[in-house]
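Enquirer: What follows is a structure written as structure tokens; I'll ask about it next.
The values are calculated or read from the model by the stated rules, or taken from the named source; none is laboratory data. Model, not experiment: these values are computed from the prediction. Positions of Cβ are backbone-derived with ideal geometry, glycine not excepted, and every protein chain shown enters the neighbour counts. Surface areas here come from the heavy atoms of the whole protein model, side chains and all, with no ligands, DNA or RNA. Shrake-Rupley method; radii C 1.70, N 1.55, O 1.52, S 1.80 Å.
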Amino acid sequence: MDSVRIRQMFPDDVPAAAHAEAAAFLEVDRMGRLWNEPEPAPPDEASRRRWIAGMGHHLATDPGGCRVAESDAGEIVGFAVSQNRGGFWYLASYGVVPGLQSKGVGTRLLDAALAHADGRPGMISSSPHPGATRRYRRAGFTMLPEMRMTGRVDRAALPALDGLRDGRRDDLEWMDALDERLRGGGHGPDHVHMLDDLGLRLVVSASPAERPGYVYINEESGHSVLLAAADVETAEKLLWEALAHAHEETVINRITSGNQWAIDVGLDARLDLGQTGYLALRGLPEPVPYLASGHHL
Ligand SMILES: CC(C)(COP(=O)(O)OP(=O)(O)OC[C@H]1O[C@@H](n2cnc3c(N)ncnc32)[C@H](O)[C@@H]1OP(=O)(O)O)[C@@H](O)C(=O)NCCC(=O)NCCS
């Protein structure tokens, strides 16, 4: 669509981009709704604010990776927010408003994001939307199905855990080195953002020199957000620690086929296995043991 212009995103664009994001993802939620799930609703004010704050972080850290599609009427009709972290690239958020999909706007946005990557290996947590999966595979990404485990944790199954402690700012250096081993680049400023701005709880291995590993836990929802470890035993302990924080219903997200250990932990906790979306990888092997975060991968 020639009447749509792809340009750099600026801070003033973020509220309009949030509007476009809400419309694009409401459609994804509607497409993926199972018969026994409630009708999806637009994001509430708190999630809208979180998305806007997240975009502020991306714009402050790597503005060149943040693009919008603007109609000739000046409306923001799409966005692609990607970030370079050292030698690693990821796509944090991407959408086109439903009325303008399938007209090539998404291709132009993704091309701009991939030009920003400049050949870096990269990762995307893909929705199951047919437009998204088509775009990513066509752009050369390997599509790994993502599983998830849901349900109520059987608290009687929680093991006694040792060898873990709360994480601190001075853990971030070895955490970045671990990220580098697992996915070709550290989270860098995203660690600081998760710790300080998002207020996630960080739990780490107490012996990071021998058995590095960490997990971020959203204490509000009781879900693990991102988990990385050098070995499966440490990863299992970290996941159990996250499950110990689970409230009523919980979820373990983005389990790829190489991470069967996470399925085993989930089954032991009496969670149910399901499937949704894809981890899309380009230029790097499947990270194991690793459970990617949705936005910071
Ligand atoms: C993914 C998305 C950004 C792509 O934007 P777009 O403007 O539709 O992209 P394009 O038109 O350039 O390309 C999409 C391709 O998928 C196809 N497609 C789009 N929607 C489709 C649908 N509902 N069913 C089947 N194919 C579809 C298009 O025909 C096109 O195919 P082509 O390249 O062979 O012509 C957009 O579809 C979207 O916002 N989806 C919902 C949000 C989402 O899932 N975002 C990705 C998060 S990881």
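Enquirer: Return the sequence-ordered ³J(HN,Hα) values of region 91-105 in whole Hz as given by the Karplus equation 6.51 cos²θ - 1.76 cosθ + 1.60 applied to θ = phi - 60°, using x for Gly and Pro.
Expert: Going residue by residue, I get 9, 8, 7, 7, x, 10, 4, x, x, 10, 6, 6, 10, x, 5 Hz, with x marking Gly and Pro.
Enquirer: Something else now. Roughly how big is region 149-291's charge dipole about its Cα centre, with Cβ charges of +1 (Lys, Arg) and -1 (Asp, Glu), in debye to the nearest 20?
Expert: 220
Enquirer: Run the numbers for Asp231 and Met31: contour at 0.36 nm per residue of separation, minus the present Cα-Cα distance, in nm.
Expert: Extra length from Asp231 to Met31 when fully extended: 68.3 nm.
Enquirer: Short version: ³J(HN,Hα) in whole Hz for each residue of region 135-149, in order, from phi by Karplus 6.51 cos²θ - 1.76 cosθ + 1.60 (θ = phi - 60°), x for Gly and Pro, what are they?
Expert: Calculated HN-Hα couplings, in order: 4, 5, 5, 4, 8, x, 7, 7, 9, 9, x, 9, 9, 8, 10 Hz.
Enquirer: What's the Kirkwood radius of region 201-297 in Å, using all Cα pairs?
Expert: 13.6
Enquirer: Subtract the Cα-Cα distance of Arg211 and Arg165 from 0.36 nm times their separation in residues, and report this length gain in nm to one decimal.
Expert: Taking 0.36 nm per residue and subtracting the Cα distance, the gain is 15.3 nm.
Enquirer: Taking 0.36 nm per intervening residue step and subtracting the Cα-Cα distance, what contour gain separates Glu219 from Ala177 on full extension?
Expert: Between Glu219 and Ala177, full extension yields 12.6 nm more.
Enquirer: Where Rh is the Kirkwood radius over the Cα pairs of the chain, the temperature 37 °C and the viscosity 0.692 mPa s, what D in µm²/s does Stokes-Einstein return?
Expert: 167
Enquirer: Against the 2.2 N^0.38 Å scaling, with N counting residues, where does region 99-147 land? I'd like the Cα-based Rg ratio to two decimal places.
Expert: That works out to 1.17 for region 99-147.
Enquirer: Quickly rank 104-110, 114-120 as a protection proxy: mean count of other C-beta atoms within 10 Å, highest first.
Expert: Highest-to-lowest ranking by the protection proxy: 104-110, 114-120.
Enquirer: Sticking with this structure for a sec: Report the accessible area of Asp197, computed with a 1.4 Å probe over the heavy atoms of all protein chains in place, in Å² rounded to the nearest 10.
Expert: Answer for Asp197: close to 110 Å² accessible.
Enquirer: Roughly to the nearest percent, how much of the accessible area of region 149-291 is carbon and sulfur, given a 1.4 Å probe?
Expert: Here carbon and sulfur together make up 46 percent of the probe-accessible area.
Enquirer: Calculate I(q)/I(0) for region 1-109 by the Debye formula, one identical point scatterer on each C-alpha and no solvent, and give its log10 at q = 0.24 Å⁻¹ to two decimals.
Expert: Log-scaled intensity ratios, in q order: -1.33.
Enquirer: Would you be so kind as to identify which of Phe25, Gly140, Ser207 lies farthest towards the positive end of the dipole of the chain, taking Lys and Arg as +1 and Asp and Glu as -1 on Cβ and the Cα centre as origin?
Expert: Gly140
Enquirer: Treat every Asp and Glu Cβ in the chain as -1 and every Lys and Arg Cβ as +1, leave all other atoms uncharged, and give the resulting dipole magnitude about the Cα centre to the nearest 20 debye.
Expert: 880
Enquirer: Given the -39500 (n - 2.57) contribution per DSSP H run of 4+ residues, what per-residue ellipticity at 222 nm results for the chain, rounded to the nearest 500 deg cm²/dmol?
Expert: Value at 222 nm, helices only, nearest 500: -10000 deg cm²/dmol.
Enquirer: For the pair Ser71 and Glu248, what calculated FRET efficiency results from E = 1/(1 + (r/R0)^6), where r is the Cβ-Cβ distance and R0 = 41 Å, to the nearest 0.05?
Expert: Taking R0 as 41 Å, the efficiency between Glu248 and Ser71 is 0.45.
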